[in-house]
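See structure below.
Just so it is clear, none of the values below were taken in a lab; they were calculated from the coordinates. Note that the structure is a prediction, hence the values are computed from the model and not measured. Ideal geometry is used to build each Cβ from the backbone, glycine not excepted, and the neighbour counts take in all protein chains shown.
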Amino acid sequence: MAQTEFQRLNVLVVEDQEMTREITVAILRALGCASIRAAAEGRSAMQMVLDDLPDLIVCDIGMQPMDGFQFVGELQKAGKRIPTIYLTAHSTPEFVKRARQLGVDAYIVKPVKRAVLEERIRHVMLAG
């Protein structure tokens with residue numbers, strides 16, 4: 001994925017922590033993503049998905065009232081298969097296993113780092 005390909009990506013960031021959400025959006029902008037939307041939790045993110053289907057979702061797990069697992073499950077129930085990267089503080093094997101079972105494309109443990117996010121995006125978007 002060349003830098004110009006990042007420009008074509010429509011990315012949705014779903015993160016309840018404002019600072020992490022802002023940092024993630026800033027990294028995506030620095031990578032060249034022109035279309036970035038952000039939601040603080042799964043319910044509002046679901047509406048954003050229904051309004052305008054993103055190419056990629058970067059999503060936290062631990063949010064209320066709808067967490068990242070519920071959000072991806074709801075996407076699947078709605079018939080939406082969107083490449084998804086979990087960005088979370090949870091690094092336990094149980095969380096990673098649940099993410100795999102849901103078909104999440106990549107898993108990043110916080111704090112978010114530009115090089116790691118860029119590599120995961122390249123991997124996810126080239127693998128698809």
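A few remarks follow.
- The stretch 80-128, dipole about Cα centre (Lys/Arg Cβ +1, Asp/Glu Cβ -1), debye to the nearest 20: 80 debye
- Rounded to the nearest 20 debye, the dipole size of the chain about its Cα centre is 320 debye, using +1 on the Cβ of Lys and Arg and -1 on the Cβ of Asp and Glu.
- For the residues 63, 46, 19, a GNM of the chain with alpha-carbon springs under 10 Å puts the largest fluctuation on 19.
- Span from the the stretch 56-106 Cα centroid across to the the stretch 30-51 one, whole angstrom: 14 Å
- Among (i) 13.1, 37; (ii) 17.3, 55; (iii) 14.7, 44, the entry derived from the coordinates for Rg and Dmax of the Cα atoms in Å: (i)
- Working note: 222 nm ellipticity from helices only, DSSP H runs with n ≥ 4, each -39,500 (n - 2.57), summed and divided by the residues of the chain, gives -14500 deg cm²/dmol to the nearest 500.
- Ordering 32, 124, 45 by Cα displacement along the dipole of the chain toward the positive end leaves 124 in first place; charges were set at the Cβ atoms of Lys, Arg (+1) and Asp, Glu (-1).
- For the stretch 7-13, backbone phi angles converted through the Karplus equation (6.51, -1.76, 1.60; θ = phi - 60°) give residue-by-residue couplings of 4, 7, 6, 9, 10, 10, 9 Hz, Gly and Pro being listed as x.
- Contour minus Cα-Cα distance for residue 113 and residue 16 (0.36 nm per residue): 33.2 nm
- Rounded to whole Hz, the Karplus (6.51, -1.76, 1.60) HN-Hα couplings of the stretch 78-83, x for glycine and proline: 7, x, 9, 10, 10, x
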